[in-house]
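Throughout, read-outs are computed from the coordinates displayed, never taken from laboratory work. If you're wondering where the values come from, they're calculated on a predicted model, not measured in any experiment. Note that we place each Cβ from the backbone using ideal geometry, even for glycine, and neighbour counts take in every protein chain shown.
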Amino acid sequence: MKIIQTSILFSSALLFFSTQSIFCHANSKPKLVLQITVDQLRADLPNTVFDRLPEGGFKYLYNQGIVYQNAQHGHANTETVVGHTTLATGANPSEHGMIGNLWYDKELKRSIYNVEDYRYPLIGSGAGVDKNTEVDPTQAAASTDGRSPSAIISTTFSDELAMSTNGKAKIFGVSVKDRGAITMAGHAGKAFWFSKAKGQFVSSSYYYDEYPSWVNKWNSKEVYKSYANTSWQLTNDISTYIHGEEDDMPYETKFPGYGVVFPHNFGNADNKYFTTFLTLSPAGDEITLDFAKALFESEKLGLDNITDYLSISFSCTDYVGHVFGPSSLEAEDNLFKLDRTLADLIKFVDDKIGLDNVLIVLSADHGAPDVPERLKTIGVDAGYFDLDSVDTLSIQSVIEKKFKISEKVVSGYFHPYVYLDNEVIEKYNLDLDEVSRTLAKELQKQEGIAFAIPSIDLLEGKISRTKLTTSILNNYNPKRSGEIYIVTEPYWFVNDMDGLTVASHHGSPWKYDTSVPVIFAGNGLKKQTIYRTIQTTDVALTLSNYLNIKIPSGSSGEPLLEVLKKLK
């Protein structure tokens, strides 16, 4: 009897400690937070190919993660730096300050590129990113090749992680785009981005005095040259694609030597457009992942009990969407290639430290509209809005008639804001608010403009509060925003990017631009599908709560309880 009782007690003790061990393991802090951001991944796009995907990649995330089917950006200007910074800070642009890829500085009297900073030049000579601006013309607006996160007003999740660990957490951001890497790495992390001028990943003196040896070693391999004299070819038989019969469409952007039909040849590595072609294809994401793997191993991420952070922003879905449209054969095949890149990343991390030790969050900085020519075939009113078509003469005549002046009062349009010239307005002793309201009323008469909203009317509550006007208010920062916010009609957009004509362009407050995926996976999370609407500002706050650290300073989101339930 005593033997039996001892056996029962021993078994009970084993069960107790086993249960406690499982409980502690399931609720232990992750060794790594892996934040994946896919540039221009509209929420519905993975579903368009999902049934044709192999295991891993998207199927791992959607079948084993917590999937929020109705995630929205709550700000009106859905551009790259805005969405990335919102995901990083849990704040709206009104708080984090990154109101657009460009804004106008009235004191300097020039445009500002979001992460430019003359104080911190790129490391090494010839590493400028301005050589090929064809697929990212906003770069050309920067007055310097220096880069830093200094313009971000709020702290990021990664900043708070750094402070909570007294600087011991290893924090990195990687992307083809500088603004995709810098925003997520925050003020405390290290950022690397791809220089098309050199075919290398670069950084600025904000982060390093000189490159770590592993960066020099990776760059010396010249991985990009392995794509020389190869091409982007279809993953599957063309008959299996939804857009298989649409490989040559008149609205697709034609780059010399690259073409609009498969295969897209990369050509020789000496071609001045060679690295541009790589970013116009899934190759750019593959190169990004290769660098991220080298970073992971060299910096020994996730190998101790302090949670590290790695952000990888995959940019090529955005470039492909701009040039060919999000409902093109190229965009469809890019999703298959992106899926394999994600599968490769997930397997790599699993092999290195185990997915139970990794908290993964995937989202996007914005979505994108379909091409107007496609929408017209089903009867949707859509078109390209040409800023040059705005009747400036009629606007100026209104100014002359009402205010009795002939000088121009508009400094310029930097999407989505019209900026007024304060010096001219002060010179003639005009009322700034009255001028902005007068111009807005005239602008709203123009074809393609749905709303021209004076900032002062939003601030003074003279416009009814709707989801649309709230999103515009969420975008307003008094030191950087202009006097009038322009909203184009749904499916009408400016298809000119500083001289580059593109098939599709995001940046509106309409759902096709604001809807993005939000998925949490790994670290013992169980599959759930959530259909209520959430905001992208919820992501950073949830990460902070998950690690039980201070939330970012400007955060306005709500905690996602489904993710946090496992902590109870």
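Sites counted here are GluC sites (Glu not before Pro) in a DSSP loop (not H, G, I, E or B) having no more than 14 other Cβ atoms within 10 Å; the longest part of the chain that contains none of them is 246-406.
Taking neighbour counts of Cβ atoms within 10 Å as a proxy for exposure, in what order, fewest first, do 308, 365, 44 appear?
On the way: 308 25, 365 30, 44 13.
Ascending Cβ contact count within 10 Å gives the list 44, 308, 365.
Across all C-alpha atoms in the chain, the radius of gyration and Dmax reach 24.9, 107 Å. Calculated mean residue ellipticity, 222 nm, the chain: -10000 deg cm²/dmol, from DSSP H runs (n ≥ 4) at -39500 (n - 2.57) each, averaged per residue and rounded to 500. Placing unit charges on each Cβ (+1 for Lys and Arg, -1 for Asp and Glu) gives region 386-488 a dipole about its Cα centre, and among 459, 420, 446 the Cα reaching farthest toward its positive end belongs to 459.
Take the cross-link list 170/196; 106/427; 467/566 and give me the ones stretching past 21 Å between alpha-carbons. Numbers along the way, then the final one.
Details: 170/196 27 Å; 106/427 15 Å; 467/566 33 Å.
From 170/196; 106/427; 467/566, over 21 Å: 170/196; 467/566.
Can you find, among 547, 274, 92, the residue farthest towards the positive end of the dipole of the chain? Put +1 on the C-beta of Lys and Arg, -1 on that of Asp and Glu. Looking along the dipole axis, the top candidate is 547. Overall, the chain carries a charge dipole of about 2060 debye about its Cα centre when +1 sits on the Cβ of Lys and Arg and -1 on the Cβ of Asp and Glu, all other atoms neutral. Note on residue 526 and residue 233: the model spin-label points, each 7 Å out from Cα along the C-beta direction, lie 4.6 nm apart. When only Cα pairs below 8 angstrom with a gap of at least 6 residues are kept, region 189-281 shows a relative contact order of 27 percent. Averaging the Cα positions of each part gives two centres, and for region 210-272 and region 380-458 these lie 42 Å apart.
For region 413-494, the pair-distance distribution built from all alpha carbon pairs, in bins 5 Å wide starting at 0, is 3, 14, 25, 27, 18, 8, 3, 1 percent.
Got the relative contact order for region 386-488 handy, in percent, Cα pairs under 8 Å and 6 or more residues apart? Spell out each step's value before the answer.
Values: 110 pairs, mean separation 30.8, N = 103.
Relative CO of region 386-488 lands at 30 percent.
Region 516-547 and region 344-379 have Cα centres separated by 14 Å. Loop-located trypsin sites (Lys or Arg not before Pro) in region 195-301 (DSSP state other than H, G, I, E, B) with a sparse environment of at most 16 neighbouring Cβ atoms within 10 Å: 221, 254, 272, 300.
Using the Cα centre of region 411-479 as the reference point, and only Cβ charges (+1 on K/R, -1 on D/E), how large is the resulting charge dipole? Debye, rounded to the nearest 20. Don't jump to the answer; show the numbers that get you there.
Numbers: 8 positive and 10 negative charges, 76 e Å.
Dipole of region 411-479, to the nearest 20 debye: 360 debye.
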